[in-house]
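**Student:** Dropping the structure in here first, questions after.
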Amino acid sequence: MANLTRRSLLYGSLGVAAAGALTRPHIANAAATTATVWWVQGFAEEEDISFKKMVADYQKASANTIDYSIAPYAPMRQKIVSAVASGVVPDLFQNTPAEVIALLAWDDRLVDVSDVIETQKPQFTQTALLTVNCYNNAEKKRSFYGVPYTVGCQTNHIWRPLVEKAGYTLEDLPKTWDDFYDFFKEVQNKLRAQGMRHIYAMGFQLNTTGNDSNSLFNSFLIANGGQNIVTNDGKLHLDDPKVREAALKALTYPTTAYKEGFVPPGAINWNDADDNNAFHGKQIVMDLDGSLSTEVAIIPKGAKNVETAKGFLKYLIQPQVLNEYLKAGLGRNLPAMPAIVKDDPWWLDPKDPHRVAYTQQGALGPTVPTFWTSNPAYAQVQNEHVWATAWADIISGGMAPQVAAEKAFKRVEEIFAKYPIAQS
């Protein structure tokens, strides 16, 4: 691909029209082959059904075969790690955990998929493109190493009936960060006074595994003014007092809420689905959850059927195909192409205000990529759960927040020292 600066990538597709996005799917004719695809199991059964239908449609249109396996995200993560380590890899898998794309691209273990991106490049959000424009340390430059198809964001999920049962309305919610979450502590107190002994205010993920704990920390970090911990040039800024203070606050508030009894005791051992289960079971009044990442599909080096895998991805990201796939999956994931939600009224149908709010925020509102898009060092920070380990040090180890923060800062700095990036 042409050598792109971060600035040229950010602005390069702004002037291209995205009208008429939902056109008829097209697929190029080629000799029939088989590609092995690993896909993460959806949280809802409809997501898996939708994926299987999309695969069947592709196979019918192309005469190719997709030999797929679907597994829950945690076992899939282990499966991917083992495959990459052994060199016996499938032709295609997803970025689970999300940051794995940055780490594998750094190690020169992914196939460049710029040609796939080019087929729909004007349609993608800037955030989606930045997420897959990763740095390859062997080639000392960035390129596209993944194909985005969904975008996400962090959202506050709230049980309005529980808020009202406590004597409040959603209009009573404060507009500042700490006060907003403090509000739910009072809701818990009121509900417990009414006999709901097992209700908790918040479903903070405080475990040292999975994606959600990383996303939760990053949300608190940004909210407290630490958004410049890693800047677009890939530089770490833990020398900035504002960033250090924001990180300390992001370590302090969730752990204090936990120790004060406003977060379920099991939250330190949850997996990424357990807060969902607690929320749906009305064990918690609210949950800050979602995704601060973009779901992408990646082709590992060593794949035997690269061109077939690319052909499948080109089919997946055709707007009409992608739209039908995500809609049939109940719209749990948002398309990485704004024109899709603008052209299809289903996404903004007021009959479902929840979907409308999520679409407005994640697909049409301003978004930024995660920190590891600027430097894969932050991907390793997340992979090691450095910040979540600091939470554990505070909660289980009895460490003072300031001490835990200093320990985490030191580890983050050590990791960044191993990832020098030449700017491109």
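The values are calculated or read from the model by the stated rules, or taken from the named source; none is laboratory data. All figures in this text were calculated on a predicted structure; none of them were measured in a lab. Cβ atoms come from the backbone with ideal geometry, glycine included; neighbour counts cover every protein chain shown. Keep in mind that these areas ignore ligands, DNA and RNA; they rest on the heavy atoms of the full protein, side chains included. Shrake-Rupley method; radii C 1.70, N 1.55, O 1.52, S 1.80 Å.
**Student:** Each residue of the stretch 115-122 in turn: what ³J(HN,Hα) in whole Hz from Karplus with 6.51, -1.76, 1.60 and θ = phi - 60°, glycine and Pro shown as x?
**Tutor:** 5, 6, 4, 4, 5, 9, 3, x
**Student:** Here's something else I'd like to know. Distance between Cα centroids, the stretch 387-424 to the stretch 243-290: provide it in whole Å.
**Tutor:** Answer, in whole Å: 19.
**Student:** Something else now. When the distances between all Cα atoms of the chain are binned every 20 Å from zero, what whole-number percent does each bin get?
**Tutor:** 25, 57, 17, 0
**Student:** Mind checking the full-extension length gain between residue 403 and residue 60? Use 0.36 nm per residue of separation minus the Cα-Cα distance, one decimal, nm. Present the calculation step by step, with values, prior to reporting the outcome.
**Tutor:** Values: separation 343, 0.36 × 343 = 123.48 nm, distance 5.94 nm.
Answer, rounded to one decimal: 117.5 nm.
**Student:** Students often forget the sequence filter, so: which aspartates and glutamates lie under 15 Å Cα-Cα from residue 327 once same-chain residues fewer than 8 apart are removed?
**Tutor:** The qualifying aspartates and glutamates are 45, 46, 47, 48, 343, 344, 349, 352.
**Student:** Ok, one more. Which of rounded, prolate or oblate describes the stretch 164-311 when judged by the alpha-carbon gyration tensor and an a/c cut-off of 1.5? Write out the running numbers ahead of the final one.
**Tutor:** Numbers: a/c = 2.50, a/b = 1.51, b/c = 1.66.
In terms of gyration-tensor shape, oblate.
**Student:** Quick one: if you stick a label point 7 Å off each Cα along the C-beta vector at residue 356 and residue 194, how many nm between them?
**Tutor:** 2.7
**Student:** What is the sum of charges around residue 35, taking Lys and Arg as +1, Asp and Glu as -1, for the other residues whose C-beta is under 11 Å from the C-beta of residue 35? Can you show the working numbers first?
**Tutor:** On the way: positive: 304, 310; negative: 67, 91, 307.
Net local charge, residue 35 excluded: -1.
**Student:** If I compute solvent accessible area with a 1.4 Å probe over the protein chains, what percent of it on the chain is carbon and sulfur? Walk me through the numbers before you get to the answer.
**Tutor:** Numbers: 9550 of 18290 Å².
Roughly 52 percent, rounded to a whole number.
**Student:** Holding the Cα-Cα limit at 27 Å, pick out from 79/410; 79/342; 79/314 the pairs that are longer than that.
**Tutor:** Values: 79/410 31 Å; 79/342 37 Å; 79/314 25 Å.
Violating the 27 Å limit, Cα to Cα: 79/410; 79/342.
**Student:** Magnitude of the Cβ-charge dipole of the chain, K/R +1 and D/E -1, about the Cα centre, nearest 20 debye? Display every interim value, and only then the final one.
**Tutor:** On the way: 39 positive and 44 negative charges, 68 e Å.
Approximately 320 debye in magnitude.
**Student:** Pairing the Cα long axis of helix 45-62 with the longest principal axis of the chain, what angle in degrees results, from 0 to 90 and rounded to the nearest 10?
**Tutor:** In the chain, helix 45-62 runs at an angle near 10 degrees to the longest axis.
**Student:** Could I ask something else about it? If the chain between residue 164 and residue 396 were fully stretched, how many nm would it gain, using 0.36 nm times the residue separation less the Cα-Cα distance?
**Tutor:** Values: separation 232, 0.36 × 232 = 83.52 nm, distance 3.43 nm.
Once the chain is fully extended between residue 164 and residue 396, it gains 80.1 nm.
**Student:** Further question: Taking a spot 7 Å from the Cα of residue 156 along the direction of its beta carbon, which residues of the stretch 286-322 have an amide N less than 15 Å from it?
**Tutor:** Answer for this model: 286-290.
**Student:** Taking only Cα atoms of the stretch 237-387, what ratio of Rg to Rh do you get with Rh as the Kirkwood inverse-distance radius? Each step should come with its number before you reach the end.
**Tutor:** Numbers: Rg = 19.4 Å, Rh = 19.1 Å.
That ratio is 1.02, to two decimals.
**Student:** How much accessible area per residue does the stretch 285-395 have, in Å², with a 1.4 Å probe?
**Tutor:** Values: 3880 Å² over 111 residues.
That works out to 35 Å² for each residue.
**Student:** Where both partners of a DSSP beta bridge lie in the chain, what percent of those bridges are antiparallel, to the nearest 5?
**Tutor:** Values: 17 of 28 bridges.
For the chain, the DSSP antiparallel bridge percentage is about 60.
**Student:** Give the accessible area for residue 245 in Å² (nearest 10); use a 1.4 Å probe, count only protein heavy atoms, and leave out ligands, DNA and RNA.
**Tutor:** Approximately 90 Å² for this residue.
**Student:** Just subtract the alpha-carbon distance of residue 71 and residue 332 from 0.36 nm times their residue separation and send over the number in nm, one decimal.
**Tutor:** Details: separation 261, 0.36 × 261 = 93.96 nm, distance 1.78 nm.
Gain on stretching residue 71 to residue 332: 92.2 nm.
**Student:** For the stretch 132-257: lysine pairs with Cα atoms under 17 Å, gap of 8 or more or different chains, count?
**Tutor:** Details: 140/235; 141/235; 165/185; 165/190; 175/185.
Taking the stretch 132-257 as the scope, the lysine pair count is 5.
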